[in-house]
């Protein structure tokens, strides 16, 4: 727990909405990029980015108080290690989404219904909304690329026969499979995702096929199935339907790898405890504890072999369960 006084801990939480919005503004203006060559007066950056200098100064001053940017002399700002993270397109997109699209939905978070607030705010669910807002969908896909190396480390810790076909279910632009196949030349891959997914098919190469479709309807046949941060997007009923859809396609020897958080008990800080609220806001879904993961797998045709934070391994049961 923090050593801050209790009032300070509360205040830090209360001002969180302002912090996420300020960070989104800095990301959308690409202030980190403007400062990549060194410290610059805020008036110069504001003029270049077509912003109000006084407002931008106040935003950057507040962020600098948290170590994101630094005011090196009056009204002159420079990057810090934290703000340099925003030089990555994926992190800029994360900051944008948290401080704009998701920010508006989070304002309506409530404890009465347990339903997604996104649909109430925007008039349709996130995936449908993305379909009619391709720029935001592209931002989401770029953001999802962040963390690929960490997810790759999880996958790399597993045993690979070497000649399997790996199906990345809801695999987005295929970045995870591209990285996996680079390490294992004998593998082949299939990415299944919605047709509007922004992707570079040339980057997928001749060992990865992109298949357009919904994982609720049908899933390509393969040896190993990967669900990377997918099931936390769905309430239990829909998440179980995804697992059953995969099981219908999976062979008797099929393996399933789920890359998702396992929420720990107790009061220790853990990112999944906040991510869980985002899942509630966006989808009426959840991050899951070990007990909840085991309950989800029951009756889907998969048997969990190991459940640890970040990586769940399961195998097909001997027969299909629909």
Notebook entry, point to check: What is the fewest-to-most order of 228, 316 by other Cβ atoms lying within 10 Å of their Cβ?
Noted result: 316, 228
Check: Stokes-Einstein D for the chain at 25 °C, 0.890 mPa s, Kirkwood Rh over Cα pairs, in µm²/s?
Finding: 114
Next item on the list: Take every Cα pair under 8 Å in the range 183-228 that's 6+ residues apart, average their separations, divide by the length, and report that relative contact order as a whole percent.
Entry: 43
Note to self: Please report, in whole Å³, the volume per residue of the convex hull around the C-alpha atoms of the range 219-267.
What the structure shows: 92
Notebook entry, point to check: Does the range 71-162 come out rounded, prolate or oblate, given a ≥ b ≥ c as the square roots of the eigenvalues of its C-alpha gyration tensor, rounded meaning a/c under 1.5 and, failing that, prolate meaning a/b above b/c?
Noted result: oblate
Checklist line | residue 153/residue 127 FRET efficiency (R0 22 Å; Cβ-Cβ; nearest 0.05) | finding: 0.20
Check: Once both labels are modelled 7 Å past Cα along the beta-carbon direction, what's the residue 290-residue 182 spacing in nm?
Finding: 3.4
Next item on the list: Estimate the FRET efficiency between residue 109 and residue 8 by the formula 1/(1 + (r/R0)^6), using the beta-carbon distance for r and 30 Å for R0, to the nearest 0.05.
Entry: 0.85
Check: When a footprinting reagent is the concern and you count Cβ atoms within 10 Å, what order do 247, 137 take, fewest first?
Finding: 137, 247
Notebook entry, point to check: For q = 0.12, 0.20 Å⁻¹, what log10 I(q)/I(0) does the range 6-86 give under the Debye formula with an equal point scatterer on each alpha carbon and no solvent?
Noted result: -0.32, -0.82
Notebook entry, point to check: What is the spread of the Cα atoms of the range 147-316 along each of their three principal axes, largest first, in whole Å?
Noted result: 47, 31, 30
Check: Taking only C-alpha pairs under 8 Å that are 6+ residues apart, what is the relative contact order of the range 6-86 in percent?
Finding: 30
Notebook entry, point to check: If you take every DSSP beta bridge whose two residues both sit in the chain, what share of them, in percent to the nearest 5, is antiparallel?
Noted result: 45
Notebook entry, point to check: Is the shape of the range 145-196 best called rounded, prolate or oblate, per the rule: a/c under 1.5 gives rounded, else a/b larger than b/c gives prolate, else oblate, with a ≥ b ≥ c the square roots of the Cα gyration tensor eigenvalues?
Noted result: oblate
Margin query: Once you place label points 7 Å from the Cα toward the Cβ at residue 160 and residue 217, how far apart are they in nm?
Written below: 3.0
Notebook entry, point to check: Looking at the square roots a ≥ b ≥ c of the eigenvalues of the Cα gyration tensor of the range 101-143, which shape do they give, rounded for a/c under 1.5, prolate if a/b is larger than b/c, or oblate?
Noted result: prolate
Check: By count of other Cβ within 10 Å, fewest leading, how are 260, 30, 141, 54 ordered?
Finding: 54, 30, 141, 260
Item checked: Helical mean residue ellipticity (222 nm; -39500 (n - 2.57) per DSSP H run of 4+; nearest 500) of the chain -> -12500 deg cm²/dmol
Next item on the list: Please pull out the direction-averaged projected area of the range 233-322, using the convex hull of its alpha-carbon atoms, in nm² to one decimal place.
Entry: 5.6
Item checked: the chain, relative contact order [Cα under 8 Å, separation at least 6], % -> 14
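Only the coordinates and a few stated rules stand behind these numbers; no lab work does. What you are looking at is a predicted structure, and each value in this text was computed from that prediction instead of being measured. Glycine also receives a Cβ, built like all others from the backbone with ideal geometry; neighbour counts cover every protein chain displayed.
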